[in-house]
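The values are calculated or read from the model by the stated rules, or taken from the named source; none is laboratory data. Nothing here was measured: the structure is a model prediction, and the numbers come from that model. Cβ atoms come from the backbone with ideal geometry, glycine included; neighbour counts cover every protein chain shown.
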């Protein structure tokens with residue numbers, strides 16, 4: 001591949017990876033998956049010798065860890081806070097439905113906010129009905145929020161490490 005083609009492929013890959021880093025903080029698209037996809041693009045366009053299979057393996061492992069930590073974080077926090085599986089499930093479903101409706105009616109930002117409020121409101125209401133106590137319901141909802149913050153921190157860390165591994169391999173590995 002000629003030098004201009006490689007430079008353009010690298011620029012496009014780094015741009016998409018930066019967008020992926022933004023999506024590690026802003027839902028709903030999993031940013032680590034975007035970063036991983038950009039690495040695949042780069043490997044396919046420039047040849048795997050530039051990226052290397054071991055680096056791609058590390059990127060894949062970091063992507064999986066980031067996604068699993070993100071999903072498990074909210075669930076673990078909710079369970080520690082005392083939320084039931086039913087509340088987590090129904091809160092997630094209500095958040096998904098409100099998020100989709102909010103995106104269709106408004107903008108993706110409104111959809112994200114509606115999804116967040118739907119999830120938290122669903123957990124809060126189910127736990128209120130279950131315990132007949134607002135303090136316990138609020139505690140379960142706080143646990144869910146805390147777990148999601150931990151999951152987001154893991155997702156951001158995984159995305160930053162993926163970006164770093166890619167940069168190190170491409171710039172220093174050859």
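I'm checking my understanding of the structure. Among residues of region 135-151 that are crowded, with 19+ Cβ neighbours inside 10 Å and under 26 Å from residue 22 (Cβ atoms), which one is nearest to the chain's Cα centre (by Cα)?
That would be 151.
If you take the residues in region 81-123 that are modelled with pLDDT under 85 and in contact with a helix residue (DSSP H, G or I) (Cβ under 6 Å, 6 or more places away or on another chain), which one is surrounded by the most Cβ atoms within 10 Å (Cβ to Cβ)?
Selected residue: 83.
Restricting to region 46-71, and then to whatever is part of a helix (DSSP H, G or I) and at pLDDT below 85, can you tell me which residue is surrounded by the fewest Cβ atoms within 10 Å (Cβ to Cβ)? I'd like the intermediate steps shown before the answer.
To start, the set of residues in region 46-71 that are part of a helix (DSSP H, G or I) comprises 46, 48-51, 53-71.
This time we only want the ones that are at pLDDT below 85, so: 48-51, 70-71.
Working: 48: 13, 49: 10, 50: 18, 51: 23, 70: 23, 71: 14.
Result: 49.
Scan region 23-38 for residues that are surrounded by 15 or more Cβ atoms within 10 Å (Cβ to Cβ) and either more than 17 Å from the chain's Cα centre (by Cα) or outside any helix (DSSP H, G or I) (or both) and report the count. Give the steps one after another, and end with the answer.
First, pick out the residues of region 23-38 that are surrounded by 15 or more Cβ atoms within 10 Å (Cβ to Cβ): 23-24, 27, 30-38.
Next cut, either more than 17 Å from the chain's Cα centre (by Cα) or outside any helix (DSSP H, G or I) (or both) only: 24, 27, 30.
So the count comes out to 3.
Suppose we filter region 153-174 for residues that are surrounded by fewer than 17 Cβ atoms within 10 Å (Cβ to Cβ), over 18 Å from the mean Cα position of the chain (by Cα) and farther than 14 Å from residue 57 by Cβ; how many remain?
5
Those residues that are closer than 18 Å to residue 134 by Cα and over 21 Å from the mean Cα position of the chain (by Cα), I need them from region 86-114; list them, please.
Answer for region 86-114, where residues must be closer than 18 Å to residue 134 by Cα and over 21 Å from the mean Cα position of the chain (by Cα): 86, 87.
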